[in-house]
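Visitor: Below is the structure I would like to discuss, written out as C-alpha coordinates.
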Amino acid sequence: MNKPIPVIAIDGPSASGKGTVAQRVATHLGFHYLDSGALYRIVALASQQAVIAWSDAEAVAMCAKQLSLRFENEQVWLNDKDVSEAIRSEAMGKGASQVAVHQALRQVLSSVQHNFRQAPGLVADGRDMGTVIFPDAVLKIFLTASTEVRAQRRYQQLLAKQQTADYQAILQDLLERDARDKNRASAPLLMAKDGILLETDHLSIVEAVDRVLENYQRFIQFSA
Ligand code: DC
(Lines give C-alpha, C1' and ligand atoms only; values in the text may rest on other atoms or scores of the structure.)
Protein backbone atom coordinates (compact mmCIF):
# COMPACT_ATOMS: atom_id res chain seq x y z
CA MET A 1 0.00 0.00 0.00
CA ASN A 2 1.24 3.52 -0.77
CA LYS A 3 2.30 5.52 2.26
CA PRO A 4 0.39 8.80 2.69
CA ILE A 5 2.31 11.98 1.89
CA PRO A 6 3.89 13.06 5.22
CA VAL A 7 2.74 16.28 6.86
CA ILE A 8 4.55 18.12 9.63
CA ALA A 9 2.07 20.39 11.46
CA ILE A 10 3.41 23.41 13.32
CA ASP A 11 0.74 25.24 15.28
CA GLY A 12 0.98 28.04 17.78
CA PRO A 13 -0.07 31.58 18.69
CA SER A 14 0.72 34.78 16.79
CA ALA A 15 4.36 35.87 16.63
CA SER A 16 5.63 32.59 18.08
CA GLY A 17 8.08 32.27 15.18
CA LYS A 18 6.28 29.25 13.73
CA GLY A 19 6.26 30.70 10.18
CA THR A 20 10.03 31.11 10.05
CA VAL A 21 10.63 27.72 11.68
CA ALA A 22 8.15 25.95 9.38
CA GLN A 23 9.65 27.55 6.26
CA ARG A 24 13.19 26.53 7.22
CA VAL A 25 12.13 22.97 8.07
CA ALA A 26 10.38 22.74 4.69
CA THR A 27 13.46 24.04 2.85
CA HIS A 28 15.74 21.63 4.72
CA LEU A 29 13.59 18.60 3.88
CA GLY A 30 12.69 19.76 0.36
CA PHE A 31 9.00 19.74 1.37
CA HIS A 32 6.22 22.08 0.29
CA TYR A 33 5.16 24.80 2.70
CA LEU A 34 1.70 26.02 3.68
CA ASP A 35 1.27 29.28 5.58
CA SER A 36 -2.41 28.82 6.46
CA GLY A 37 -2.58 32.17 8.26
CA ALA A 38 -1.91 33.84 4.88
CA LEU A 39 -5.20 32.39 3.60
CA TYR A 40 -7.17 34.00 6.44
CA ARG A 41 -5.28 37.25 5.90
CA ILE A 42 -6.12 37.18 2.17
CA VAL A 43 -9.80 36.66 2.97
CA ALA A 44 -9.68 39.61 5.40
CA LEU A 45 -8.14 41.78 2.67
CA ALA A 46 -10.49 40.60 -0.09
CA SER A 47 -13.51 41.15 2.19
CA GLN A 48 -12.35 44.64 3.01
CA GLN A 49 -11.87 45.42 -0.69
CA ALA A 50 -15.39 44.13 -1.40
CA VAL A 51 -16.78 46.24 1.50
CA ILE A 52 -17.88 43.12 3.39
CA ALA A 53 -17.87 43.32 7.20
CA TRP A 54 -15.48 40.79 8.81
CA SER A 55 -18.35 39.83 11.12
CA ASP A 56 -20.62 38.79 8.21
CA ALA A 57 -20.05 35.01 8.19
CA GLU A 58 -22.03 34.20 5.07
CA ALA A 59 -20.66 37.04 2.90
CA VAL A 60 -17.07 36.38 4.02
CA ALA A 61 -17.38 32.67 3.12
CA MET A 62 -18.91 33.56 -0.26
CA CYS A 63 -16.07 36.02 -0.90
CA ALA A 64 -13.53 33.28 -0.10
CA LYS A 65 -15.20 30.89 -2.54
CA GLN A 66 -14.72 33.38 -5.36
CA LEU A 67 -11.07 34.20 -4.70
CA SER A 68 -8.62 33.92 -7.53
CA LEU A 69 -5.38 33.01 -5.76
CA ARG A 70 -1.88 32.17 -6.86
CA PHE A 71 1.11 31.29 -4.68
CA GLU A 72 4.55 31.74 -6.22
CA ASN A 73 7.62 31.13 -4.10
CA GLU A 74 7.18 33.67 -1.30
CA GLN A 75 4.60 35.77 -3.13
CA VAL A 76 0.82 35.68 -3.00
CA TRP A 77 -1.31 36.98 -5.83
CA LEU A 78 -4.96 37.93 -5.39
CA ASN A 79 -6.85 38.63 -8.62
CA ASP A 80 -3.49 39.08 -10.39
CA LYS A 81 -2.24 41.60 -7.85
CA ASP A 82 0.75 40.90 -5.61
CA VAL A 83 -0.64 41.23 -2.06
CA SER A 84 2.31 39.65 -0.22
CA GLU A 85 3.11 42.87 1.64
CA ALA A 86 -0.49 44.07 2.11
CA ILE A 87 -1.56 40.92 3.98
CA ARG A 88 1.33 41.22 6.45
CA SER A 89 -0.01 44.42 8.06
CA GLU A 90 -1.16 44.42 11.70
CA ALA A 91 -4.64 45.39 10.48
CA MET A 92 -4.91 42.28 8.28
CA GLY A 93 -3.61 40.13 11.16
CA LYS A 94 -6.48 41.46 13.24
CA GLY A 95 -8.94 41.00 10.37
CA ALA A 96 -7.72 37.45 9.79
CA SER A 97 -8.36 36.57 13.41
CA GLN A 98 -11.89 38.00 13.09
CA VAL A 99 -12.89 36.22 9.87
CA ALA A 100 -11.31 33.00 11.19
CA VAL A 101 -14.09 32.56 13.77
CA HIS A 102 -16.59 31.68 11.01
CA GLN A 103 -17.08 27.93 10.53
CA ALA A 104 -18.45 28.51 6.99
CA LEU A 105 -15.17 30.16 5.99
CA ARG A 106 -13.06 27.45 7.64
CA GLN A 107 -15.01 24.92 5.60
CA VAL A 108 -14.24 26.75 2.33
CA LEU A 109 -10.52 27.00 3.19
CA SER A 110 -10.27 23.38 4.28
CA SER A 111 -10.01 21.96 0.75
CA VAL A 112 -7.67 24.77 -0.34
CA GLN A 113 -5.31 23.66 2.45
CA HIS A 114 -5.61 19.96 1.61
CA ASN A 115 -4.49 20.75 -1.94
CA PHE A 116 -1.08 21.78 -0.59
CA ARG A 117 -0.40 18.17 0.43
CA GLN A 118 1.88 17.19 -2.40
CA ALA A 119 4.84 14.78 -2.63
CA PRO A 120 7.41 14.54 -1.20
CA GLY A 121 5.81 16.16 1.87
CA LEU A 122 4.33 19.26 3.47
CA VAL A 123 5.16 21.50 6.40
CA ALA A 124 2.01 23.40 7.39
CA ASP A 125 1.81 26.17 9.97
CA GLY A 126 -1.25 27.70 11.61
CA ARG A 127 -3.62 27.16 14.50
CA ASP A 128 -5.45 23.93 13.60
CA MET A 129 -3.05 22.09 11.29
CA GLY A 130 -2.54 19.15 13.66
CA THR A 131 -5.99 19.17 15.26
CA VAL A 132 -8.38 19.66 12.32
CA ILE A 133 -6.85 20.01 8.84
CA PHE A 134 -4.17 17.29 8.96
CA PRO A 135 -5.11 15.08 11.93
CA ASP A 136 -2.90 12.32 10.47
CA ALA A 137 0.21 14.56 10.43
CA VAL A 138 3.28 12.48 11.28
CA LEU A 139 4.60 15.19 13.56
CA LYS A 140 2.57 17.82 15.44
CA ILE A 141 4.56 20.62 17.00
CA PHE A 142 3.00 23.26 19.21
CA LEU A 143 5.40 26.18 19.06
CA THR A 144 4.90 28.89 21.61
CA ALA A 145 6.55 31.59 23.71
CA SER A 146 5.40 33.92 26.48
CA THR A 147 3.26 36.88 25.42
CA GLU A 148 6.00 39.32 26.45
CA VAL A 149 8.66 37.57 24.36
CA ARG A 150 6.33 37.40 21.34
CA ALA A 151 5.42 41.09 21.69
CA GLN A 152 9.11 41.97 21.97
CA ARG A 153 9.91 39.97 18.80
CA ARG A 154 7.10 41.64 16.86
CA TYR A 155 8.24 45.05 18.14
CA GLN A 156 11.80 44.41 16.96
CA GLN A 157 10.56 43.17 13.57
CA LEU A 158 8.60 46.38 12.99
CA LEU A 159 11.57 48.53 14.02
CA ALA A 160 13.82 46.55 11.67
CA LYS A 161 11.38 47.35 8.85
CA GLN A 162 11.62 51.03 9.86
CA GLN A 163 7.93 51.07 10.82
CA THR A 164 6.53 52.84 13.87
CA ALA A 165 6.01 50.46 16.75
CA ASP A 166 4.36 50.79 20.15
CA TYR A 167 5.26 47.90 22.46
CA GLN A 168 2.20 48.29 24.73
CA ALA A 169 -0.19 48.39 21.74
CA ILE A 170 1.46 45.27 20.26
CA LEU A 171 1.18 43.43 23.59
CA GLN A 172 -2.48 44.38 23.92
CA ASP A 173 -3.18 43.30 20.34
CA LEU A 174 -1.49 39.91 20.89
CA LEU A 175 -3.52 39.31 24.05
CA GLU A 176 -6.75 40.07 22.15
CA ARG A 177 -5.82 37.81 19.22
CA ASP A 178 -4.75 34.98 21.51
CA ALA A 179 -8.05 35.19 23.40
CA ARG A 180 -10.10 35.20 20.17
CA ASP A 181 -8.09 32.36 18.58
CA LYS A 182 -8.26 30.21 21.73
CA ASN A 183 -11.85 30.80 22.69
CA ARG A 184 -13.66 30.51 19.36
CA ALA A 185 -16.05 27.58 18.97
CA SER A 186 -14.66 26.43 15.64
CA ALA A 187 -11.15 24.91 15.49
CA PRO A 188 -9.72 26.90 18.41
CA LEU A 189 -6.00 27.24 18.93
CA LEU A 190 -4.96 24.32 21.12
CA MET A 191 -2.24 21.73 21.24
CA ALA A 192 -3.12 18.39 19.66
CA LYS A 193 -3.38 15.50 22.14
CA ASP A 194 -0.45 13.83 20.38
CA GLY A 195 1.42 17.14 19.96
CA ILE A 196 4.91 18.06 21.12
CA LEU A 197 5.31 21.33 23.00
CA LEU A 198 8.20 23.55 21.91
CA GLU A 199 8.69 26.56 24.22
CA THR A 200 10.89 29.10 22.45
CA ASP A 201 11.44 31.82 25.08
CA HIS A 202 15.02 30.62 25.41
CA LEU A 203 15.49 29.02 21.99
CA SER A 204 16.88 30.63 18.86
CA ILE A 205 15.24 30.01 15.48
CA VAL A 206 18.10 27.66 14.55
CA GLU A 207 17.64 25.66 17.77
CA ALA A 208 13.88 25.45 17.25
CA VAL A 209 14.39 24.23 13.66
CA ASP A 210 16.87 21.61 14.92
CA ARG A 211 14.38 20.34 17.53
CA VAL A 212 11.69 19.89 14.85
CA LEU A 213 14.14 18.10 12.53
CA GLU A 214 15.34 15.84 15.37
CA ASN A 215 11.74 14.84 16.09
CA TYR A 216 11.13 14.16 12.41
CA GLN A 217 14.27 12.00 12.20
CA ARG A 218 12.99 10.04 15.20
CA PHE A 219 9.70 9.46 13.38
CA ILE A 220 11.55 8.25 10.26
CA GLN A 221 13.66 5.81 12.31
CA PHE A 222 10.62 4.39 14.11
CA SER A 223 8.56 4.05 10.96
CA ALA A 224 11.34 2.43 8.88
O1 DC B 1 -0.51 32.97 11.65
P2 DC B 1 -1.08 34.36 11.33
O3 DC B 1 -0.74 35.40 12.35
O4 DC B 1 -0.74 34.81 9.96
O5 DC B 1 -2.68 34.14 11.38
C6 DC B 1 -3.57 35.22 11.30
C7 DC B 1 -4.90 34.82 11.92
O8 DC B 1 -5.53 33.82 11.11
C9 DC B 1 -4.83 34.22 13.31
O10 DC B 1 -4.95 35.21 14.32
C11 DC B 1 -6.00 33.25 13.36
C12 DC B 1 -6.22 32.88 11.92
N13 DC B 1 -5.78 31.52 11.60
C14 DC B 1 -6.62 30.47 11.90
O15 DC B 1 -7.67 30.68 12.49
N16 DC B 1 -6.28 29.21 11.55
C17 DC B 1 -5.12 28.95 10.95
N18 DC B 1 -4.82 27.70 10.61
C19 DC B 1 -4.23 30.00 10.65
C20 DC B 1 -4.57 31.28 11.01
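Visitor: Given (1) in contact with a strand residue (DSSP E or B) (Cβ under 6 Å, 6 or more places away or on another chain); (2) within 25 Å of residue 102 (Cβ to Cβ); (3) assigned to a helix (DSSP H, G or I), identify the lone condition not met by residue 192.
Guide: The one condition residue 192 does not meet is (3).
Visitor: From the list 60, 21, exactly one residue is assigned to a helix (DSSP H, G or I) and over 30 Å from residue 149 (Cβ atoms). Which is it?
Guide: Details: 21 fails: over 30 Å from residue 149 (Cβ atoms).
The unique qualifying residue is 60.
Visitor: Taking only the stretch 13-42 into account, find how many residues are more than 7 Å from the ligand (Cβ to nearest atom), touching a helix residue (DSSP H, G or I) at 6+ places or on another chain (Cβ under 9 Å) and polar (S, T, N, Q).
Guide: Of the residues in the stretch 13-42, 2 are more than 7 Å from the ligand (Cβ to nearest atom), touching a helix residue (DSSP H, G or I) at 6+ places or on another chain (Cβ under 9 Å) and polar (S, T, N, Q).
Visitor: In addition: Among the numbered criteria (1) under 19 Å from residue 32 (Cβ atoms); (2) touching a helix residue (DSSP H, G or I) at 6+ places or on another chain (Cβ under 8 Å); (3) open to solvent by 60 Å² or more (accessible area, probe 1.4 Å), which single criterion is violated by residue 98?
Guide: Tallying (1) under 19 Å from residue 32 (Cβ atoms); (2) touching a helix residue (DSSP H, G or I) at 6+ places or on another chain (Cβ under 8 Å); (3) open to solvent by 60 Å² or more (accessible area, probe 1.4 Å), residue 98 fails exactly one: (1).
Visitor: Find all pairs meeting these conditions: Cβ atoms under 7 angstrom apart; at least six residues apart or on different chains; first residue within the stretch 119-133 and touching a residue at least 24 places away in the same chain (Cβ under 8 Å) and within 11 Å of residue 191 (Cα to Cα); second residue more than 10 Å from the ligand (Cβ to nearest atom) and among the hydrophobic types (A, V, I, L, M, F, W, C).
Guide: 129/10; 129/137; 130/137; 130/192; 131/190; 131/192
Visitor: Tally up the residues in the stretch 161-189 that are more than 14 Å from the ligand (Cβ to nearest atom) and open to solvent by less than 80 Å² (accessible area, probe 1.4 Å), please.
Guide: 4
The values are calculated or read from the model by the stated rules, or taken from the named source; none is laboratory data. Not measured: the values here are computed from a predicted model. Every residue, glycine as well, gets a Cβ built from its backbone with ideal geometry; the counts of neighbours run over all protein chains shown. Side chains included, ligands, DNA and RNA excluded: accessible areas come from the protein's heavy atoms. Shrake-Rupley method; radii C 1.70, N 1.55, O 1.52, S 1.80 Å.
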